[in-house]
Amino acid sequence: MASLIKNNLSLEVRHLLLFEIFKQRLGIGLSHFTLVYLLYLITCLILLALCVIQIVLLSLLRVPVDMLHISESTAAEFALDYDRHGDSYYDDTDVDGLKKSFDKIEPQVTAT
């Protein structure tokens with residue numbers, strides 16, 4: 001009889017019963033918990049994943065010519081992949097990239 005009643009209970013009722021058992025064993029009142037729908041938790045996880053993806057993509061797209069000021073540690077990281085004018089050692093460049101690199105080069109004044 002008990003298994004027949006258990007099989008007919010909805011999933012929400014089963015979760016509430018488990019919550020009641022958990023609460024009684026720990027002696028904690030309901031005021032200590034916040035209950036949320038599963039969809040809310042899934043949405044939070046998706047948003048967290050999107051934030052992580054955005055951070056990773058921004059770190060991959062970071063180039064010296066886009067920086068106004070950098071710390072010593074960032075300069076050391078850039079020195080591994082870029083020359084002092086911001087031109088990459090590894091990536092192919094295009095006309096716009098060359099223009100940006102050449103704009104950063106200060107003209108040398110020579111004595112004649």
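The values are calculated or read from the model by the stated rules, or taken from the named source; none is laboratory data. Because the structure is a prediction, the values reported are computed rather than measured. Cβ coordinates were reconstructed from backbone atoms using ideal geometry, including for glycine residues, and neighbour counts include every protein chain displayed.
In segment 77-108, what count of residues is obtained for those that are β-branched (Val, Ile, Thr) and under 17 Å from Met67 (Cβ atoms)?
1
Quick check on segment 60-98: of everything there that is among the hydrophobic types (A, V, I, L, M, F, W, C), under 22 Å from the mean Cα position of the chain (by Cα) and assigned to a helix (DSSP H, G or I), which residue is modelled with the lowest pLDDT?
Only one residue tops the list, namely Leu60.
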